[in-house]
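*Asks:* This is the structure I want to talk about, given as structure tokens.
The values are calculated or read from the model by the stated rules, or taken from the named source; none is laboratory data. Just so you know, these numbers come straight off a predicted model, no measurement behind them. Neighbour counts are summed over all protein chains in view; Cβ atoms, including those assigned to glycine, are modelled from backbone coordinates with ideal geometry. For the accessible areas, the whole protein counts, side chains as well, though only heavy atoms, and no ligand, DNA or RNA atoms are used. Shrake-Rupley method; radii C 1.70, N 1.55, O 1.52, S 1.80 Å.
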Amino acid sequence: MISVDGLTVEFGGSALFSDISFVINEKDRIALMGKNGAGKSTLLKVIAGERTPNKGRVSAPKDAVIAYLPQHLLTEDNRSVFDEAAQAFSRIKEMEREISAMNDELTTRTDYESDYYSDLIERVSTLSEKYYSIEEINYDAEVEKILLGLGFLREDFTRPTSEFSGGWRMRIELAKILLQKPDLILLDEPTNHMDIESIQWLEEFLINSAKAVIVISHDRAFIDNITTRTVEVTMGRIYDYKVNYSHYLELRRERREQQQKAFDEQQKFIAETTEFIDRFKGTYSKTLQVGSRVKMLEKLEIVEVDEVDSSALRLKFPPSPRSGNYPVIVEDLSKSYGDHLVFANASLTIERGEKIAFVGKNGEGKSTLVKAIMNEIDYEGKMALGHNTMIGYFAQNQASLLNEELTVFQTIDDVAVGDIRTKIKDLLGAFMFGGDNISKKVKVLSGGERTRLAMVKLLLEPVNLLILDEPTNHLDMRTKDILKSALQDFDGTIILVSHDRDFLDGLATKVYEFGNKQVKEHLEDIKGFLLKKKMDNLKEIERTKK
């Protein structure tokens with residue numbers, strides 16, 4: 001059991017949260033929720049021991065292992081993927097070396113009656129007892145199992161980690177954490193840059209093999225599947241619900257309705273009491289009653305209503321100009337990089353108004369096909385855009401392409417034309433750039449803020465084919481809901497590259513699966529596709545057994 005007792009963290013004299021306490025039990029799987037800036041990531045850092053609170057403490061058993069996966073990793077080295085993951089067992093290997101060294105010393109020393117010799121025997125005995133109490137495992141097999149589960153190929157094992165993107169290095173760090181079998185795993189946005197199959201594998205691992213878990217995530221399906229408890233950080237305090245995320249939303253709504261009712265009743269009482277005081281404060285016969293009510297108001301504790309992030313509004317894409325019946329036609333398209341074949345003979349026909357999803361493991365060609373449609377790369381085969389097809393494109397690196405020296409307002413003002421120029425502040429407000437935030441320079445924005453700003457740019461011009469490559473990375477749940485709603489109402493055609501099942505659910509009506517050098521069409525929505533995939537996997541297992 002790990003306990004958080006009376007934690008207070010302050011920034012610049014004001015408290016991020018005050019005097020919060022809760023207990024983390026074995027097998028707890030906790031979703032840490034709250035709006036951006038509420039202090040979720042800070043709380044994880046305090047529990048991980050990476051930040052010192054102004055007051056309070058985190059208490060854990062002496063030998064408890066707490067492992068922390070931050071949102072942004074800075075590690076980079078020249079070990080191979082396999083050797084870096086195997087660092088999870090470095091403490092056990094060190095124990096082996098220490099025991100061996102002490103045993104060697106015992107065989108060479110002859111001062112049997114000395115205090116040092118007695119102390120050496122005691123140390124080797126204690127360490128050996130600890131070492132032999134650790135479950136005996138095949139380290140190489142464990143490393144292999146975890147790396148394969150997280151989406152690495154066997155040929156990746158010997159590659160240096162420096163060859164991998166930040167997202168893949170994050171998976172290596174995650175592998176090290178999972179291999180340690182810690183008492184508490186702290187995960188901050190673990191599913192960013194992970195494909196659907198790896199996310200499903202991680203879900204099963206956390207449910208079946210982990211001890212206690214606290215996770216911050218904007219992937220609703222992921223946290224709904226793995227968590228059994230929700231801790232909300234809001235207005236400097238916490239609310240603890242023994243339910244998963246979806247159930248928590250219902251309970252939170254009920255809580256806020258009760259608060260609002262109590263607040264309204266109290267405000268009515270205050271207004272009536274104030275009116276009585278103002279009316280009779282000069283009347284001698286009412287002096288005692290007036291004085292009593294003044295004291296009553298002074299002692300009254302004002303009911304607080306939890307904040308609701310109402311800064312985001314309903315968004316609407318501009319009406320799309322009419323395109324031809326088939327905005328994209330691809331025939332027998334193949335792409336290779338040197339000797340590496342990404343996919344071969346891909347064919348697809350996208351009809352006007354369709355909303356389709358590209359899914360599959362990372363590196364199987366989803367973004368590559370998008371780049372071919374955008375005519376950004378060479379390829380073999382045929383690819384044609386239909387009559388009057390006008391593309392709006394959001395790439396994974398779109399946020400990093402923004403001019404860092406411009407302010408938020410200038411970024412949009414530079415590309416806005418026509419009537420929309422009078423509504424720039426409203427548009428920015430809808431994506432949570434209100435008040436002084438529009439004067440911030442791009443270089444000081446977080447990853448999520450940059451993604452939102454890049455999305456605003458996409459909204460400015462009328463298009464009839466939207467191509468969105470991982471648009472939800474770094475977006476919080478509220479912003480994702482707003483974007484999803486706008487895309488559902490969009491009257492043009494959409495190609496979505498995404499691993500976010502909840503975002504795709506109810507949005508994509510057809511799925512193209514990338515894998516094994518092929519692009520396969522599925523006429524089901526994302527739920528039907530996933531259901532079918534699981535059935536396919538079961539059939540494969542049955543065939544193997546036979």
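*Asks:* Among 266-273, 217-224, what's the highest-first ranking by average C-beta atoms within 10 angstrom per residue?
*Replies:* Details: 266-273: 12.5, 217-224: 22.8.
Ranked from most to least packed, the peptides come out as 217-224, 266-273.
*Asks:* While we're on this one: Quick one: with all protein chains in place, what share of the accessible area of the chain is carbon or sulfur, to the nearest percent (1.4 Å probe)?
*Replies:* Looking at the chain in its full context, I get 48 percent from C and S.
*Asks:* Straight-line reach from K443: which lysines have a Cα under 19 Å away, not including same-chain ones fewer than 8 places off?
*Replies:* Those lysines meeting the cut-off are K457.
*Asks:* Separate question: Along the stretch 480-497, what does the Karplus equation 6.51 cos²θ - 1.76 cosθ + 1.60 (θ = phi - 60°) give for ³J(HN,Hα), rounded to whole Hz, x for Gly and Pro?
*Replies:* So the J values, rounded to whole Hz, are 4, 4, 5, 5, 4, 4, 5, 5, 5, 7, 4, 8, x, 9, 10, 10, 10, 9.
*Asks:* Based on the alpha-carbon gyration tensor of the chain and its eigenvalue square roots a ≥ b ≥ c, which shape applies: rounded if a/c is under 1.5, prolate if not and a/b is larger than b/c, or oblate?
*Replies:* Because a/c hits 1.5 or more and a/b fails to exceed b/c, the chain counts as oblate.
*Asks:* Separate question: Cβ neighbours within 10 Å, averaged per peptide: list 188-198, 457-467 in order, most packed at the top.
*Replies:* 188-198, 457-467
*Asks:* Average projected area of the Cα convex hull of the stretch 393-486, in nm²?
*Replies:* The number I arrive at for the stretch 393-486 is 5.7 nm².
*Asks:* Shifting gears a bit: Kindly write out, for the stretch 292-304 in residue order, the coupling ³J(HN,Hα) from the Karplus curve 6.51 cos²θ - 1.76 cosθ + 1.60 (θ = phi - 60°), rounded to whole Hz, with x marking Gly and Pro.
*Replies:* Computed from phi, the couplings for the stretch 292-304 are 4, 6, 4, 4, 4, 5, 5, 8, 5, 8, 6, 5, 9 Hz.
*Asks:* Per residue, how big is the convex hull of the stretch 330-396 when only Cα atoms are used? Give it in Å³.
*Replies:* Measuring per residue, one finds 104 Å³ for the Cα hull of the stretch 330-396.
*Asks:* What are the lysines whose alpha-carbon lies under 22 Å from the alpha-carbon of K261, with same-chain residues fewer than 8 places away excluded?
*Replies:* Cross-link targets: K299.
*Asks:* Could I ask something else about it? Ignoring ligands, DNA and RNA, what accessible area per residue does the chain give at 1.4 Å, in Å²?
*Replies:* Averaged over the residues of the chain, the accessible area is 52 Å².
*Asks:* Let me ask something else about it. Past 21 Å, Cα to Cα, is the threshold; run K176/K480; K145/K361; K361/K534; K242/K532 against it and keep the listed order.
*Replies:* Where the Cα-Cα span goes over 21 Å, the pairs concerned are K176/K480; K242/K532.
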